[in-house]
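Comments concern the structure below.
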């Protein structure tokens, strides 16, 4: 939330926490449960409404402390009645464009969990809407806030490693759980190629693409391939992906992503030139 408030201040003059209003659209993205507590605490903005239609998810939010927050079945009605400064949407990736279409004309800033959209065309539309209406659309890459990543970047930028010419990112875990309990709402769309945009390529590949852009900028060419290593668990989407990003100055980036490791492993490895 602190990072969110800082980003919002770039768009509008910084006000007291009570002067900012935030609303939530959707609870089907499981990342919401990690952010709901700080939003309820209200140190940076007041949570004025939650829009959701699934009774089980609404009840779960209330049990986690949101019993006094107004709930809406129609998020358009919530936007009109609560008039939030910004919305944090925890919805399917292919609904991001829809949310911005609703918020942008009302001058409501929007935050999404990564990635920006399910397809390139949707991402371009989101950018056009944001520019047209003068709002900020922020994409939350949770690893982007980890202090260790900034320490590594500072060391690389200092020249202590020499010229960085290869970056390898590995992100993997055992998969997005199962289609049971509250997680079923997350699992069902995360393993849908239309609603998510892909499988592991989208879910994990976006992190390594972020590191690549951060360290080395836009590549000259990209090669990617995907695998179904556990089709019995993920019949509709790939569970493993490998990307290689090549740069005109001879720098190559190899990112290996997996949804098959039993242990979560996330990191970036840098190689220096002689």
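The lone criterion from (1) assigned to a loop (DSSP other than H, G, I, E, B); (2) farther than 28 Å from residue 55 by Cβ; (3) within 21 Å of the chain's Cα centre (by Cα) left unmet by residue 169 is number (1).
For residue 144, are the conditions met, namely being touching a residue at least 12 places away in the same chain (Cβ under 8 Å), out of contact with any strand residue (DSSP E or B) (no Cβ under 9 Å at 6 or more places or on another chain) and more than 19 Å from residue 196 (Cα to Cα)?
Numbers: touching a residue at least 12 places away in the same chain (Cβ under 8 Å): yes; out of contact with any strand residue (DSSP E or B) (no Cβ under 9 Å at 6 or more places or on another chain): yes; more than 19 Å from residue 196 (Cα to Cα): yes.
Judged against the criteria, residue 144 is a match.
For the range 190-217, a tally of residues being outside any helix (DSSP H, G or I), modelled with pLDDT under 90 and either touching a helix residue (DSSP H, G or I) at 6+ places or on another chain (Cβ under 8 Å) or more than 18 Å from residue 90 (Cα to Cα) (or both) returns 1.
Under 13 Å from residue 137 (Cα atoms) and in contact with a strand residue (DSSP E or B) (Cβ under 9 Å, 6 or more places away or on another chain): is that true of residue 87 in this structure?
Working: under 13 Å from residue 137 (Cα atoms): yes; in contact with a strand residue (DSSP E or B) (Cβ under 9 Å, 6 or more places away or on another chain): yes.
Judged against the criteria, residue 87 is a match.
Could you please find all residues in the range 86-107 being without any contact (Cβ under 8 Å) to a residue 60 or more places away in the chain and under 23 Å from residue 19 (Cα atoms)?
Narrowing the range 86-107 to residues without any contact (Cβ under 8 Å) to a residue 60 or more places away in the chain: 96-98, 100-107.
Across the range 86-107, the qualifying residues are 100, 102, 103, 104, 105, 106, 107.
Residue pairs whose Cβ atoms lie under 8 Å apart, sitting 6 or more positions apart in sequence or on different chains, and linking a residue in the range 43-57 that is under 10 Å from residue 27 (Cα atoms) and not assigned by TED's automatic domain parsing to the domain that holds residue 68 to a partner that is outside any helix (DSSP H, G or I) and at pLDDT below 95, do not occur here. Across the range 241-252, a minimum of one residue is classified as surrounded by 15 or more Cβ atoms within 10 Å (Cβ to Cβ), at pLDDT below 85 and not in a loop (DSSP other than H, G, I, E, B).
Touching a strand residue (DSSP E or B) at 6+ places or on another chain (Cβ under 8 Å) and crowded, with 19+ Cβ neighbours inside 10 Å - does that describe any residue in the range 173-196? Let's see the steps before the verdict.
Taking the range 173-196 as the starting set, the residues that turn out to be touching a strand residue (DSSP E or B) at 6+ places or on another chain (Cβ under 8 Å) are 173.
Among the residues that remain, those that are also crowded, with 19+ Cβ neighbours inside 10 Å are: none.
No - not one qualifying residue is present in the range 173-196.
Residue 117: free of Cβ contacts under 8 Å to residues at least 40 places away in the same chain and in the same structural domain as residue 33 (by TED's automatic domain parsing), yes or no? Criteria not met by residue 117.
Check whether at least one residue in the range 2-18 is at pLDDT 95 or above, under 27 Å from residue 131 (Cβ atoms) and surrounded by 14 or more Cβ atoms within 10 Å (Cβ to Cβ), and report yes or no. Lay out the reasoning, then the answer.
At the first step, the residues of the range 2-18 found to be at pLDDT 95 or above are none.
No, the conditions are met nowhere in the range 2-18.
Pairing each residue of the range 63-81 that is closer than 17 Å to residue 32 by Cα with any residue that is in a helix (DSSP H, G or I), provided the two are 6+ apart or on different chains, yields C-beta distances under 6 Å for 64/36; 65/40; 71/58; 72/78.
Among the residues examined, residue 62 qualifies as at pLDDT 95 or above and out of contact with any helix residue (DSSP H, G or I) (no Cβ under 9 Å at 6 or more places or on another chain).
The values are calculated or read from the model by the stated rules, or taken from the named source; none is laboratory data. Note that the structure is predicted; figures quoted are calculated from it, not measured. Cβ: placed from backbone, ideal geometry, glycine included. Neighbour counts: every protein chain shown.
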